[in-house]
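Every number here is computed from the coordinates shown, using simple stated rules; none is lab data. Treat the numbers as computed from the prediction; the structure is a model and nothing was measured. When we count neighbours, we look across all protein chains shown, and the Cβ atoms used for this are built from the backbone with ideal geometry, even at glycine.
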Amino acid sequence: MQRFLITTLFLTSFSVLFAQKTVPSVELRTLEGQTVNIQDYANNGKITILSFWATWCSPCKKELDALMDFYPEWKEDYDLELLAITTDDARGLPKVKSIVQQKQWEYDILSDVKQELQNAMSFRAIPQTFILNKKGEIVYSHSAYVPGDEYELDEKIKEIAGM
């Protein structure tokens with residue numbers, strides 16, 4: 001009986017976690033302070049990567065560095081867009097611009113200072129990466145980063161693009 005309850009609880013949690021197939025409507029800010037709705041990016045007709053990170057998170061920065069090696073090709077071959085969404089709070093936010101400039105990341109950088117999008121998408125740990133298909137549906141999710149994860153992401157993108 002106990003095993004049945006544990007299994008049922010696990011399956012219910014699992015299905016709730018993956019029930020959300022689209023990105024919720026949440027307003028974020030660009031580094032220039034402009035307010036944007038994440039839905040505008042999700043519904044742009046492109047394969048879109050959402051990569052959540054913070055200035056204090058070494059694995060996050062390593063992942064974004066690794067993705068930069070692939071990004072120009074993805075952008076050209078698949079008309080893909082990558083959004084690096086910082087979850088830094090108001091204290092950490094001033095560091096973001098200098099890190100982005102130093103690293104020469106070409107991604108659009110958005111700020112989720114109050115972690116509203118993070119909470120709405122129900123995850124805690126970063127780095128957290130989502131891939132949205134051209135319809136804006138979440139088709140892949142990955143947490144943490146180990147060198148080499150970018151190759152798995154590359155394969156998923158090719159699969160989504162039908163290559």
Note to self: From the phi angles alone, apply the Karplus equation (6.51, -1.76, 1.60; θ = phi - 60°) to the stretch 121-137 and give each ³J(HN,Hα) in whole Hz, x where the residue is Gly or Pro.
What the structure shows: 8, 6, 9, 10, 7, 10, x, 9, 10, 10, 10, 10, 6, 5, 8, x, 8
Check: Are there trypsin sites (Lys or Arg not before Pro) in the stretch 53-137 that DSSP marks as loop and that have at most 10 other Cβ atoms within 10 Å, and which are they?
Finding: 91, 124
Check: How high is the relative contact order of the stretch 52-163, in percent, with contacts defined as C-alpha pairs under 8 Å that are six or more residues apart?
Finding: 31 percent
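Where does the chain land at 222 nm, in deg cm²/dmol rounded to the nearest 500, when only DSSP H runs of n ≥ 4 count, each adding -39500 (n - 2.57), divided by all residues?
Calculated at 222 nm, the ellipticity per residue is -13500 deg cm²/dmol.
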Next item on the list: For residue 62, list the lysines whose Cα falls under 18 Å from its own Cα; do not include residues on the same chain fewer than 8 positions away.
Entry: 95, 97, 103
Checklist line | Degrees, to the nearest 10: 2-19 long Cα axis against longest axis of the chain | finding: 30 degrees
Check: What residue among 112, 79, 69 has the largest mean-square fluctuation in a Gaussian network model of the chain, using Cα springs under 10 Å?
Finding: 69
Check: What nm value, rounded to one decimal, do you get for the distance between residue 104 and residue 44 when each label is placed 7 Å out toward the C-beta?
Finding: 2.2 nm
Item checked: DSSP-assigned coil residues among chymotrypsin sites (Phe, Trp or Tyr not before Pro) in the stretch 28-77, each with at most 13 further Cβ atoms within 10 Å -> 56
Next item on the list: Working from Cα positions, state the angle (0 to 90°, nearest 10) between the long axis of helix 149-161 and the longest principal axis of the chain.
Entry: 80 degrees
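For the chain, what ratio Rg/Rh do Cα atoms give with a Kirkwood hydrodynamic radius? Spell out each step's value before the answer.
Details: Rg = 16.3 Å, Rh = 16.5 Å.
Looking at the chain, the ratio lands at 0.99.
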Margin query: Within 15 Å, Cβ to Cβ, of residue 24, how many net charges do the neighbouring residues add up to if Lys/Arg are +1 and Asp/Glu are -1?
Written below: -3
Next item on the list: Mind pulling the angle between the C-alpha long axis of helix 58-78 and the longest principal axis of the chain? Nearest 10 degrees, somewhere in 0 to 90.
Entry: 80 degrees
Margin query: Just to be sure I understand the model, the point goes 7 Å from the Cα along the line to the Cβ. What's the resulting residue 120 to residue 34 distance in nm?
Written below: 1.9 nm
Checklist line | the stretch 82-158 - share of DSSP beta bridges that are antiparallel (%, nearest 5) | finding: 55 percent
Checklist line | Distance (nanometres) between label positions extended 7 Å along Cα→Cβ at residue 90 and residue 159 | finding: 4.3 nm
